[in-house]
Structures are given as structure tokens and as C-alpha cells.
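**Q** Please read through the structure below; I'll follow up with questions.
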Amino acid sequence: MAVQTVGLLHPGEMGAALGAVLRGQGRRVLWASSGRSAGTRARADEAGLEDAGSVDELIRRSDVIVSVCPPHAALEVARSVAGFEGVFVDANAVAPATVCELLAVVDAGGGDGVDGGIVGPPPRTDRATRLYLSGSAAATVAELFAGSAVDGRVVSGEVGAASAVKMAYAAWTKGTAALLIAIRELASLENVEHALLEEWRLSLPELPERYERAARSAEAKGWRWVGEMEEISSTFSAAQLPGGFHQAAAEVFRRLADEPRAR
């Protein structure tokens, strides 16, 4: 499949960075400004994306469409492209069962759904980002990024596998961040925070800085991680494993979004 034009829904920080990489690969990259914010427009403009105006026009002109959005919006985005007959990539942090559900919408409309899971920060020339892919057209999508700062890795021909990698990875990185934040909050409420920090410095000297990184990231993006933790919880439960760890993590991030730390 000769891919010339990629549609991107919707260019947040990660999506805009992926769009910029695709532009660097010689692809025409479209986005749809209808109903989007000024911030989204600014990111799209900075990445050099071309405004198709509406989602319908983006669908008409695209060979491949990539969805990068908060987990809770992934199904809505998939439904918005129903009837698209090209390759649709869901690159969102959702459970395998969720991605199977939303890609079924795409497949029913004549499209070819690809499951994607992004690991790492937004790509730049000095750092790589992994894009795990699964599904029958996964190799086609990986080829779009060949030789770029996005390392496309085909996991399997089965939809759900790439999302499983993402869920398992984020279960540790963001799950442990939530645990650290909750632990320090407990120590603060029990008036032993100073003693805990001193013990961390003595026996676990890496934890104070890990906590600070976790708290900074959670304050900036925690609202987005609530849905991701809920998807991870669903993934664990579907595998007959305890899902409560990440339900609790979702609550930690929800509270932090509602009440940022005073520190």
C-alpha cells in the first residue's frame, strides 16, 4: 500500500509530534480544525500539519488515519471515522478488549484497524519513541516511520497485542508513580513525612527524586492518566488478575487533578 496522506486525530502533544515525524518522512499530514481549541491549532501549525477543516474531509483525503487522544475519547474518535476504508490506527492507552471493540467499528465500515501502543515521550531527533503495533496492516504502519525517531515494532498479527504491551508497561511506570504519591501523602497526614524522607535518603536514596518526577508528571498529565489506569485495571481483571491496584491509582490521579499538591 502506497501511503501518501495521513490523517491525524487529534494533535495533542504526542499526536503533533508524531505528525511532525511523518512530515519529515515525506508524508502529507492532515488534521481537522472543526471544534478544536486554539491550543490544538497552535500545535498543528507548529508541526506543519495541513488543515482539512472537517473530519469528513480528512477521511476523504487520507490513506491512513491515526488516533491519538485521551483513553476515554478513543471510542468516540473511532466512531467518527465509521465508513473510512483505509488503515485506521488506534494509538491510545486502552485495554485490549477496548481496542477490539473500537476497531470492530472501523472494520464494519470497510476499514482495516491497527492496534497501537506508544511507549516513551513525544519523539524528537535526539530520542526515540516506540510504537508497538498489531493487526493485519501493522507492518504497513511501521514502514511509515522507518528510519525516524519513532521505532515502529510489530508485536503480532492479532489486534489487542500492542495494547497489552502498553497496558503492562504503564502498569509499572504510572502505577508506581501513583503509589509513591499516595505513600508520601499518607506520611504527611500522619505527621511523619520528615521521618519518611530521611529514611528514604538513608536506605532508598533514589526515591525522593523519583517522587518529585512522579508528582510533576502527574500534576501536568494526571487528568489524562485516570482513564489509562482504569483501562489497565480492566486489562488485569480480564486476565483474572486483581484490578484494584490500578483502580486505586486512578483515584490518586483523580484527586491530584482536583487538588494539586501545595508543595
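**Q** Protein chains only, probe 1.4 Å: how do 202, 8, 196 rank by accessible area, largest first?
**A** Ranked from most to least accessible, the order is 202, 196, 8.
**Q** Okay, next question. Once you put a point 7 Å from the Cα of residue 60 and another 7 Å from the Cα of residue 210, both along the Cβ direction, what distance in nm separates them?
**A** Going from the residue 60 label point to the residue 210 one covers 5.3 nm.
**Q** Which of these, 195, 137, 74, has the largest mean-square fluctuation under a Gaussian network model of the chain (Cα springs below 10 Å)?
**A** 195
**Q** Output the relative contact order of the chain, whole-number percent, from Cα pairs under 8 angstrom with separation of 6+ residues.
**A** On the way: 498 pairs, mean separation 37.0, N = 263.
Dividing the mean separation by the residue count of the chain yields 14 percent.
**Q** What whole-number distance in Å separates the alpha-carbon centres of region 115-156 and region 183-261?
**A** With region 115-156 and region 183-261 each reduced to a Cα centre, they are spaced 28 Å.
**Q** Oh, and also: Roughly speaking, to the nearest percent, how much of the chain's 1.4 Å accessible area is carbon and sulfur?
**A** C and S fraction of accessible area: 52 percent.
**Q** Would you mind checking which residues have amide H under 5 Å from residue 29's amide H? H placed 1.01 Å from N; only 5 or more apart, or other chain.
**A** Residues meeting the criterion, in which the H sits 1.01 Å from N, are 6, 50.
**Q** Now, a different point. Please give the length that would be gained between residue 119 and residue 85 if that part of the chain were fully extended, namely 0.36 nm times their separation in residues minus their C-alpha to C-alpha distance (nm, one decimal). Let's see the in-between values first.
**A** Details: separation 34, 0.36 × 34 = 12.24 nm, distance 2.75 nm.
Value of the extension gain: 9.5 nm.
**Q** At 222 nm, what helix-only mean residue ellipticity would the chain give, in deg cm²/dmol to the nearest 500, using -39500 (n - 2.57) for each DSSP H run of four or more?
**A** On the way: 10 runs with 143 residues, N = 263.
One gets -17500 deg cm²/dmol as the mean residue ellipticity at 222 nm.
**Q** At 7 Å along the Cα-to-beta-carbon direction for both residue 183 and residue 45, put a label point, then send me their distance in nm to one decimal.
**A** 4.5 nm
**Q** Measure nothing fancy, just the Cα-based angle from helix 96-108's long axis to the longest principal axis of the chain, in degrees from 0 to 90, nearest 10.
**A** That helix lies at roughly 20 degrees to the long axis.
**Q** Between residue 38 and residue 101, what is the spin-label point distance in nm, taking each point 7 Å from the Cα along the Cα→C-beta axis?
**A** Spacing of the two 7 Å Cα→Cβ label points: 3.6 nm.
**Q** How large is the dipole of region 67-132 about the Cα centre if only Lys and Arg carry +1 and Asp and Glu carry -1, each at its Cβ, rounded to the nearest 20 debye?
**A** Result for region 67-132 is approximately 340 debye, rounded to the nearest 20.
**Q** Can you report the principal axis dimensions of region 48-112 using only the alpha carbons, biggest first, rounded to whole angstrom?
**A** 32, 25, 15
**Q** A further question follows. Nearest-5 percent of antiparallel DSSP beta bridges in region 113-263?
**A** 50 percent
**Q** Taking the full set of protein chains and a 1.4 angstrom probe, give the accessible area of residue 72 in square angstrom, rounded to the nearest 10.
**A** 150 Å²
**Q** How large is the accessible surface per residue of the chain, computed with a 1.4 Å probe and reported in Å² as a whole number? Kindly include the intermediate steps, with their values, before the conclusion.
**A** On the way: 12500 Å² over 263 residues.
Value for the chain: 48 Å² per residue.
**Q** Also, I was wondering about something else. Give, rounded to the nearest 20 debye, the magnitude of the charge dipole that the chain has about its Cα centre when Lys and Arg contribute +1 at Cβ and Asp and Glu contribute -1 at Cβ.
**A** 500 debye
The values are calculated or read from the model by the stated rules, or taken from the named source; none is laboratory data. Quick caveat: nothing in here was measured; it's all calculated off a predicted structure. Please note: Cβ atoms are built from the backbone with ideal geometry, for glycine as well, and neighbour counts cover all protein chains shown. Note: areas computed on protein heavy atoms with side chains; ligands, DNA, RNA excluded. Shrake-Rupley method; radii C 1.70, N 1.55, O 1.52, S 1.80 Å.
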